[in-house]
Protein chains: 2
Amino acid sequence: MARLSFRIAARDGNSAARLGLMDTVHGPVETPAFMPVGTHGVVKSLTPQELRASGTSILLGNTYHLYLRPGHELIRDLGGLHRFMAWDGALLTDSGGFQVFSLASLRHVRDEGVDFRSHLDGSSHLLSPELSIEIQESLGSDIMMALDECPSQPSTYDTNLRAVERTTLWAERSLRARSSGSAALFGIVQGGLFEDLRRRHAAEIVSLGFDGHAIGGVSVGEPREEVRSVVAATASLLPEDRPRYLMGVGRPEELVEMIGHGIDLFDCVLPTRNARNGQLFTSRGTLSIKREEYARDPLPADPECDCPTCRDYSRAYLRHLFKSGEILSSRLNSIHNIHFYQSVMAQAREAIAQGRYGEFLTHFLSRLRRGEEAEARWSHETGP
Amino acid sequence: MARLSFRIAARDGNSAARLGLMDTVHGPVETPAFMPVGTHGVVKSLTPQELRASGTSILLGNTYHLYLRPGHELIRDLGGLHRFMAWDGALLTDSGGFQVFSLASLRHVRDEGVDFRSHLDGSSHLLSPELSIEIQESLGSDIMMALDECPSQPSTYDTNLRAVERTTLWAERSLRARSSGSAALFGIVQGGLFEDLRRRHAAEIVSLGFDGHAIGGVSVGEPREEVRSVVAATASLLPEDRPRYLMGVGRPEELVEMIGHGIDLFDCVLPTRNARNGQLFTSRGTLSIKREEYARDPLPADPECDCPTCRDYSRAYLRHLFKSGEILSSRLNSIHNIHFYQSVMAQAREAIAQGRYGEFLTHFLSRLRRGEEAEARWSHETGP
């Protein structure tokens, strides 16, 4: 029996977009879905209630961070990550690999796993596929990810070939390491920007019988245009009947485009990280709240948005909070950005259900482009 | 007609404690009341909804900070401070004097006002009684404070005498500067630790016909024991039929004691500032959440508390957030501390209504003292 029920409820006639329903122990997840990132057992600055209210049904938890602090055994002993952070929705955990490759120092990859030193205290660790599964099971994840080797991009054919071979080896070990009765497990397709490697690796990973499939190594420095075609090609090689997850992507326009290629799941730190830097996503492009022109602006961040931030506060107030270095600035901006992302997802799902995804995509991208060109004039065009 | 309706609903038989009701344009305020401090137009890290949910009915706004950034005229043009920060409850604003004396550089006091340089950009300003009223009226305050001279303590008799004389002069000018139909205005009694100066100044300030009276200069470095008797003596000289406000005080045990001397209003940054430093107030004393002993503690911060933080989160999680430098740490700790303060106020009001304030005070202080002595053992005593 499958460890994750996934049902496709509707397909768009003119694209690969599909509307799905994943059933987890912690509730249903309608796809396409965006997963806010809960790095240290918290989506920075936000409570579970605020995430729920934004339309979030699934979060991503970071294995690397929680393993180092406070430790997966501590979280297990306290009842798991859901209880620890008071989140009762679905949780996907990453394998820890991506952070080891991007944050840890002195890392050394060998077949056994990745040797690395903690970015917190310099202590030495070996992250193996087996340890990654042990950590994710301790956290009580609903969807676990198999450890992969994730080279920074662009890198050579040979580097990507070795990463593909090792990732397959680790994928097999991850499946064997999983306890009976534990969570769903997704495999990750690597291969960089090389279509033949992606094709070969997709076939290998798919043959192993994972509950779902992810496309990795596409948010690590590559040129955007090339990524697009690689993702589209790879997505079409993944089985229709399992969820497809594009890791670490991305901007709203990338999400809507990739949904058109049949992607179901996304995660990204952009909405929360950019919020803390004062950048707000809107249906007409981004808005940098620190700009002088907003000092006396009585409009909400996005006049078309119905989030708590846009309901209660003016751009002038948001700018004041940002300039004053107030914690509430990060909160209100994060609430808006997460709400915006989830509202884009909800619109995408509705468009798929109505069989007009192509139309939605064109309209969305063209409004965004017009808005980006005219940020400075937006407030005057829109009116109170 | 009075600009502020204040009615005493009950008196404690064995102390000067009283239960009151202030009616403001922005809703009723039951006294004794604690006012969280909204320095930059925000109670640090919290939303108005969270403040309401904690039992807060009145906030304090800081004239000095808002005058410098974003500017009182900007706030006035955007509809006032209530609208700017989305707070629909009552607002008391200070005069700006205390911050000029404690934060600004190169300050020089003369009869006209206080010359100072902004701590933000070094610009030169003169804060006069008239400007203070203008700023507070621009903010749309419900209760304004007259500008006072607030010497750091302890200081000499002569210094305090000059401050008393100048404060009376400024009090008269503040009353004259107030527009017809604007908010209530409170006068401030100075005099340091000298009872004769306090007596003289109380008589002068009371004679001017303010809507309420404050005791100033008691949270600026003086020894606690001496402050106690000065406050008690001064409070008894202030008219029964107007609210009495003890500025900048203080710890929970000080609040409950001063309520017994007839104080109605308090403000203090302690609950929010200490929250950000990881100190939680509880009915059994303070708890420093960063301590190692809480690393695996499944109990809530205060097992007797029903705030959202204590409802959803363990000490282990709160410690993890603090150690990880997460914004949510400041939020959850602030929610708990403000809730604790407001719950002490609610208990105090109930005790007064039932004529057993002395009993409440004794019980409160003795639990607190026993708890402070035994912080390390508390978790084990209480049990899950």
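In segment B:162-196, which residues are buried (at least 20 other Cβ atoms within 10 Å of the Cβ) and of a type in the set (A, V, I, L, M)?
B:163, B:164, B:171, B:177, B:183, B:184, B:185, B:188, B:189
So if I check each of B:295, B:301, which one is more than 10 Å from chain A (Cβ to nearest Cβ) and modelled with pLDDT of 95 or more? Step through it out loud before you land on a result.
Values: B:295 fails: more than 10 Å from chain A (Cβ to nearest Cβ).
Just one listed residue meets the conditions, B:301.
Would it be correct to say that residue A:88 is out of contact with any helix residue (DSSP H, G or I) (no Cβ under 6 Å at 6 or more places or on another chain) and free of Cβ contacts under 8 Å to residues at least 40 places away in the same chain? Steps first, answer last, please.
Working: out of contact with any helix residue (DSSP H, G or I) (no Cβ under 6 Å at 6 or more places or on another chain): yes; free of Cβ contacts under 8 Å to residues at least 40 places away in the same chain: no.
No; evaluated as a whole, the condition is false for this residue.
Output the number of the condition that residue B:295 fails; it satisfies all remaining conditions of (1) free of Cβ contacts under 8 Å to residues at least 40 places away in the same chain; (2) surrounded by 18 or more Cβ atoms within 10 Å (Cβ to Cβ); (3) touching a Leu at 6+ places or on another chain (Cβ under 9 Å).
Unmet condition: (2).
Those residues that are more than 9 Å from every other protein chain (Cβ to nearest Cβ) and more than 15 Å from residue A:45 (Cα to Cα), I need them from segment B:312-337; list them, please.
Passing the criteria: B:315, B:336, B:337.
Can you tell me which residue among A:61, A:41, A:71 is at positive phi and buried (at least 19 other Cβ atoms within 10 Å of the Cβ)?
A:41 is the lone residue from the list that is at positive phi and buried (at least 19 other Cβ atoms within 10 Å of the Cβ).
For segment A:155-171, enumerate the residues that are of a type outside the set (A, V, I, L, M) and assigned to a helix (DSSP H, G or I). So that I can check it myself, show each step before the final result.
Of segment A:155-171, the ones of a type outside the set (A, V, I, L, M) are A:155-160, A:162, A:165-168, A:170.
Within segment A:155-171, A:157, A:158, A:159, A:160, A:162, A:165, A:166, A:167, A:168, A:170 meet the criteria.
Of all the helices (runs of 4 or more DSSP H) wholly in segment A:48-87, which have at least 2 residues that are more than 9 Å from chain B (Cβ to nearest Cβ) and of a type in the set (D, E, K, R)?
Numbers: elements: A:48-53, A:63-68, A:72-77, A:81-85.
Ranges flagged: A:48-53, A:72-77.
Do you know which residues across segment A:289-317 are farther than 24 Å from residue B:73 by Cβ and polar (S, T, N, Q)? Talk me through it step by step, then tell me what you get.
The initial filter retains those residues of segment A:289-317 that are farther than 24 Å from residue B:73 by Cβ, namely A:302-311.
Result: A:309, single match.
Working only within segment B:186-206, note down all residues that are of a type in the set (Asp, Glu) and under 22 Å from residue B:221 (Cα atoms).
Within segment B:186-206, the subset of a type in the set (Asp, Glu) is B:195-196, B:204.
Within segment B:186-206, B:195, B:196 qualify.
Quick check on segment B:246-255. Is at least one of its residues surrounded by fewer than 24 Cβ atoms within 10 Å (Cβ to Cβ), among the acidic types (Asp, Glu) and not assigned by TED's automatic domain parsing to the domain that holds residue B:95?
no
Looking at segment B:12-45, which of its residues are within 15 Å of the chain's Cα centre (by Cα), more than 14 Å from every other protein chain (Cβ to nearest Cβ) and not in a strand (DSSP E or B)?
If the condition is that a residue be within 15 Å of the chain's Cα centre (by Cα), more than 14 Å from every other protein chain (Cβ to nearest Cβ) and not in a strand (DSSP E or B), then B:32 is the only one that fits.
Being more than 22 Å from residue B:243 (Cα to Cα) and buried (at least 20 other Cβ atoms within 10 Å of the Cβ) is the filter here; which residues of segment B:132-150 pass it? Step through it out loud before you land on a result.
From segment B:132-150, those more than 22 Å from residue B:243 (Cα to Cα) are B:134-135, B:138; that's our starting set.
Scanning segment B:132-150 gives B:135, B:138.
The values are calculated or read from the model by the stated rules, or taken from the named source; none is laboratory data. None of the values given here were measured: they were computed from a predicted structure. As a convention, Cβ positions derive from the backbone with ideal geometry for all residues, glycine included, and neighbour counts pool all protein chains shown.
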